[in-house]
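The values are calculated or read from the model by the stated rules, or taken from the named source; none is laboratory data. Values in this document were obtained by computation on a predicted structure and should not be read as measured data. Every residue, glycine as well, gets a Cβ built from its backbone with ideal geometry; the counts of neighbours run over all protein chains shown. All accessible areas refer to the heavy atoms of the entire protein, side chains included, with ligands and DNA or RNA removed. Shrake-Rupley method; radii C 1.70, N 1.55, O 1.52, S 1.80 Å.
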Amino acid sequence: MTPKEALELIKLIETSYHQINFDKEQADVWISILIKGDYQLSKEKIYRYVSTEKFPPVISDFLVVIQDKPVEDYSADIAAVQRELNDPVLRKKREEAMQKLREAVKGMNEKVGVSDD
């Protein structure tokens, strides 16, 4: 989120709770933390919060930070899958596990009335 969007969230909190009035230093600290989050998701969470809570939120009550896993972090996972696909025994175990998973999902879907279509 941008600093301008973070300030907008702070103003939303100030407007919703009459006992809150951020000074410049407090706003700067909050902005430095809020810019790490997702604006839209955090804003939606604030709206839900202010509609149900009588006390002002703290940052952890509404900040939504989306953690992207760097591409490098997937290299070990990719290598493991490649080993499984290249080894006939591991490949068969993987296929059996996937079949069990499909059956479990199908059973849960049937239980709650969801079709496979």
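Amide H to amide H, which residues 5 or more places from Asp38 or on other chains are under 5 Å from it, using H placed in the peptide plane?
Excluding prolines and chain starts, which carry no amide H, the hits are Val64, Val65, Ile66.
Could you tell me which residue out of Tyr47, Ser75, Leu34 lies farthest along the dipole of the chain toward its positive end? Charges go on the beta carbon: Lys and Arg +1, Asp and Glu -1, centred on the Cα centre.
Ser75
Pop out the ³J(HN,Hα) list for segment 31-36 in order, Karplus 6.51 cos²θ - 1.76 cosθ + 1.60 with θ = phi - 60°, rounded to Hz; leave Gly and Pro as x.
In residue order, the calculated couplings are 4, 4, 8, 5, 5, 7 Hz.
GNM, the chain, Cα, under 10 Å: largest mean-square fluctuation among Asp73, Asp28, Asp38?
Judging by the Gaussian network model, the answer is Asp73.
222 nm [θ] for the chain, helices only, -39500 (n - 2.57) per DSSP H run of 4+, per residue, to 500?
On the way: 6 runs with 80 residues, N = 117.
It comes out at -22000 deg cm²/dmol, rounded to the nearest 500.
Tell me, what ³J(HN,Hα) does each residue in segment 92-105 have, in order and in whole Hz, if you take phi through Karplus 6.51 cos²θ - 1.76 cosθ + 1.60 with θ = phi - 60° and put x for Gly and Pro?
For segment 92-105, the Karplus curve yields 5, 4, 5, 5, 5, 5, 5, 5, 4, 5, 4, 5, 5, 5 Hz.
Which order do peptides 8-16, 59-67 fall in by mean Cβ count within 10 Å, highest first?
8-16, 59-67
In what sequence, largest accessible area first, do Glu25, Glu96, Glu5 appear using a 1.4 Å probe? Intermediate values should be presented prior to the final figure.
On the way: Glu25 140, Glu96 95, Glu5 55 Å².
I get Glu25, Glu96, Glu5, largest accessible area first.
In segment 45-91, which trypsin sites (Lys or Arg not before Pro) fall in coil by DSSP and have 13 or fewer other Cβ atoms within 10 Å?
Sites meeting the loop and neighbour criteria: Lys54.
Cα gyration tensor of segment 1-92, axes a ≥ b ≥ c as square roots of the eigenvalues: rounded (a/c below 1.5), prolate (a/b > b/c) or oblate?
Because a/c hits 1.5 or more and a/b exceeds b/c, segment 1-92 counts as prolate.
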